[in-house]
Amino acid sequence: MRRPFIAGNWKMHMTTSEASGLASELVAACREIDGVDIAVAPPFTALAAVGKAFAGSSIGLGAQNMHWEDKGAFTGEIAAAMLTDVGCRYVILGHSERRQFFGETDEGVNRKVLAAFKHKLIPIVCVGESEEERDRGVTFVIVDRQVTGALKNVAASQMANVVVAYEPIWAIGTGRTATPAQAQEVHQTIRAKLAGLFGNEAAAGVRILYGGSVMPENAAEFVSLEGVDGALVGGASLKVDAFTGIVTETARVKATAR
Ligand code: PGA
């Protein structure tokens, strides 16, 4: 009942022309793939160009961040309406790099989630522990706090339009991944938390992605796990073959699971 979902996060890579080229290649490469929702989040400056390349395809456009206010004197920020204006359907919120390097808090992420709903954007809410937190044994405490904080004042009826991404920080861009058992237990914890907050039915409809060094070679390991509905992909999303490989693997695994 939950459609598998693979989202690419290009982070601070790609000029407009590079982005257009990669986007067109992705459209061609993913044309035949069935049964998986696909989205890509390029940098702000490339959104319009990538949106143009995705037009008429099934690949959704996403942004990597936004501000919670509708407009105003917020130098350097981007509003939700600016994202929908260029065709965005998704917005990544609370990525660990935003939290680590730009001081994002659970409260700020929550304001952004509520602003995303107001503008009919689907938030991809990122949560995950640092290596130090995992070593201290507080992974579940951290993830619980992030989920609860990000989704404050969200209605159960809105939860079908929330995507959560579990990304252990120590696995992002490092080539290290969580073990399937580690990923699965956090995914289960997140869904149980969502059930506690919004009820079983709403929780069962939320797509929870794994993220952190996902590649074509290891994608099946994660997406075959019960409760893992896809992946949020950084580095590998910058290469057409690698990203397409992850989407293909996901389609294959999920089709067999049905
Ligand atoms: P990675 O990044 O795939 O390069 O580890 C994942 C992410 O930051 O979403």
Scoring the chain by relative contact order with C-alpha pairs under 8 Å, at least six apart, yields a percentage of 21
Determine, at each q value in 0.17, 0.24 (inverse angstroms), the log₁₀ of I(q)/I(0) that the Debye formula gives when each Cα of segment 8-80 is one equal point scatterer. -0.65, -1.06
Check: C-alpha center segment 6-60 vs C-alpha center segment 214-245, spacing in Å is 16
Residue order, fewest to most beta carbons within 10 Å, for Glu104, Glu185, Glu249: Glu185, Glu104, Glu249
Which value, in debye to the nearest 20, gives the size of the charge dipole of the chain about its Cα centre, when Lys and Arg are +1 and Asp and Glu are -1 at the Cβ? 580
Label the chain by shape, choosing from rounded, prolate and oblate, from the square roots a ≥ b ≥ c of the eigenvalues of the Cα gyration tensor; if a/c is under 1.5 it is rounded, and otherwise prolate applies when a/b is larger than b/c, oblate when it is not. rounded
Given Lys52/Lys152; Lys71/Lys254; Lys52/Lys112; Lys71/Lys239; Lys193/Lys239; Lys71/Lys152, which pairs have Cα atoms separated by over 30 Å? Lys52/Lys152; Lys71/Lys254; Lys71/Lys239; Lys193/Lys239
For a footprinting-style exposure proxy, rank His187, His67 by other Cβ within 10 Å, fewest first. His67, His187
Give me Ser213, Ser58, Ser237, Ser157 sorted ascending by neighbouring Cβ count inside 10 Å, so fewest comes first. Ser157, Ser58, Ser213, Ser237
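All of the numbers you see were taken from the coordinates with simple rules; none came from a lab. Nothing here was measured: the structure is a model prediction, and the numbers come from that model. All Cβ positions, glycine included, derive from the backbone under ideal geometry; neighbour counts span all protein chains shown.
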